[in-house]
Amino acid sequence: MNDVLITGVAILGGKSSDLAISGGVFVDPSELAGKKKTRVVDATGLVALPGLVDLHTHLRQPGGEQAETILSGSRAAALGGYTAVHAMANTTPVSDTAELVTQVWQWGVAAGYVDVRPVGAVTKGLGGEHLASMGSMARSAPQVRVFSDDGKCVHDSALMTRALEQARSLDAVIAQHAQDPRLTEGAQMNDGPLAATLGLAGWPAVAEESIIARDVLLAESVGARLHVCHLSTAGSVEVVRWAKARGIAVTAEVTPHHLLLTEDRVTSFDPLFKVNPPLRREEDTLALREAVVSGVIDVVATDHAPHPSESKDCSFPEGAFGMVGLESALSVVLATLVEPGLISLRDVARIMSSAPASIGRVAGYENPLGPGSPAHLTLVDPTAIAREPHGSLSRNNPYHGEKLKGRVVHTFYAGTQTVDDGGIVDLPERTA
């Protein structure tokens with residue numbers, strides 16, 4: 001692991017300064033002065049952000065390796081500036097046992113590009129009938145502090161209550177996919193006049209909002225933490241705002257695509273724009289942006305959902321739900337929130353690094369870029385057009401041709417450089 005001196009970088013978008021890495025941690029730059037074999041990186045014109053943390057990533061392995069592997073997804077994450085990702089449990093088989101979450105963690109260590117944090121399933125097989133062995137998963141893999149049936153909703157109130165109680169005892173959080181299944185049977189896009197015009201079955205906002213309202217009250221009743229996945233409607237914002245004002249321990253995430261794209265994209269009938277929850281109205285998109293600014297929404301999470309080409313190269317009703325997002329998330333946040341002056345780059349560090357790390361109980365992000373902290377770092381050119389995503393095995397990118405600014409130039413994970421001049425660094429396989 002080489003010593004690295006990074007010169008002339010705008011730290012969190014502020015004045016230009018130097019950063020230094022030695023032994024996998026940040027050190028005072030003076031410690032490397034005159035030290036032989038120090039690599040110098042000229043970062044003039046670049047912005048330093050702490051390594052990004054994603055609370056919501058689908059890496060597909062095991063069972064979906066034609067769409068993504070932990071190695072390919074980790075490389076895509078590094079290219080997007082990430083140093084930690086939470087791998088959702090809806091794999092085949094489902095990550096619902098200690099053995100499976102441990103295997104996911106070991107695959108992540110072997111890849112070596114990011115800290116892969118397994119997310120344990122809430123219910124066995126995502127079946128929504130019996131709780132999974134949350135305690136054994138948390139004990140066998142200390143990285144497991146998030147549990148979710150994402151892709152499906154834990155719709156049984158009694159089961160959700162027991163899951164929240166278990167999570168409380170483990171200092172863990174339940175990340176809920178808020179979707180009433182009875183209200184969304186056969187749904188293809190946002191419910192409303194456009195869906196009627198296009199002849200597609202609608203996904204009503206209340207199907208999300210009603211589950212969030214129930215869950216915040218359940219969380220309050222047992223004193224547990226609740227995290228709302230991919231919040232997508234103005235009404236959901238108001239429910240979470242009310243819950244936070246009441247003192248309920250709820251956090252919420254928004255995806256990049258819900259910050260930028262609206263239901264109008266579906267008029268193309270291109271399955272690239274088919275996602276769950278669906279793209280909503282412009283009014284919802286604006287409400288989501290405001291909620292990030294006000295702190296009602298705590299984090300931006302990608303919901304990176306890779307699919308093989310045959311799952312998207314088809315008619316809209318037959319297409320799979322989901323979009324890739326790891327390599328474009330930062331650029332979308334810059335375009336929708338930073339460039340309009342709604343938030344600062346320091347805020348970006350919070351909503352895409354320290355806050356998701358805190359929710360997922362990921363250590364090392366409490367004092368980002370500070371001496372003694374793990375050297376998780378991304379260096380970004382905020383004026384350069386971002387490259388088209390190319391690290392993932394899948395190409396279901398909804399931003400093709402958007403010319404978004406914000407190119408990740410270098411990424412360091414615990415002092416190891418994973419991205420150099422915008423290209424992936426080949427790393428030797430590691431062992432857990």
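A few comments on the model shown:
- Of Thr123, Leu5, Gly199, farthest towards positive along the dipole that unit charges on Lys, Arg, Asp, Glu beta carbons give the chain: Leu5
- Rounded to the nearest 20 debye, the dipole size of the range 383-432 about its Cα centre is 220 debye, using +1 on the Cβ of Lys and Arg and -1 on the Cβ of Asp and Glu.
- Subset of Lys312/Lys405; Lys152/Lys274; Lys152/Lys312 violating a 23 Å alpha-carbon distance limit: Lys312/Lys405
- At most 11 other Cβ within 10 Å, DSSP loop - trypsin sites (Lys or Arg not before Pro), the range 228-279: Arg246
- The C-alpha atoms of the chain define a longest principal axis, and helix 70-79 lies at about 60 degrees to it.
- Of Glu65, Glu310, Glu238, the residue with the greatest mean-square motion in the GNM of the chain, using alpha carbon springs below 10 Å, is Glu310.
- Rounded tilt (10° steps) of 206-222 against the dominant C-alpha axis of the chain: 70 degrees
- Computed from backbone phi, the HN-Hα couplings of the range 306-315 come to x, 9, x, 4, 5, 7, 10, 8, 7, 6 Hz, rounded to whole numbers (Karplus: 6.51 cos²θ - 1.76 cosθ + 1.60, θ = phi - 60°; Gly and Pro given as x).
- Phi to ³J(HN,Hα) by Karplus 6.51 cos²θ - 1.76 cosθ + 1.60 over the range 268-275, Hz, x for Gly, Pro: 6, 6, 8, x, 4, 9, 9, 8
- Cut-off 10 Å between beta-carbons: net charge of the residues surrounding Gln143, Lys and Arg +1, Asp and Glu -1: +2
- Highest GNM mean-square fluctuation among Ala43, Ala33, Ala138, for the chain modelled with Cα contacts below 10 Å: Ala33.
- Environment charge at Arg246 (Cβ cut-off 15 Å; Lys +1, Arg +1, Asp -1, Glu -1): +1
- Taken about its Cα centre, the chain carries a charge dipole of about 840 debye when Lys and Arg each add +1 at the Cβ and Asp and Glu each add -1 at the Cβ.
- Length, then width, then depth: along the principal axes, the Cα atoms of the range 59-359 run 50, 43, 41 Å.
- Within the range 88-181, the proportion of Cα pairs with more than 18 Å between them is 38 percent.
- Separation of alpha-carbon centers, the range 368-432 and the range 33-104, rounded to whole Å: 10 Å
- Tail fraction, Cα-Cα pairs, the range 79-131, threshold 17 Å, whole percent: 37 percent
Values in this text are rule-based calculations from the coordinates and carry no lab data. From a predicted model like this one, the values you see are computed outputs, not experimental measurements. Virtual Cβ from ideal backbone geometry, glycine too; neighbours counted across all protein chains shown.
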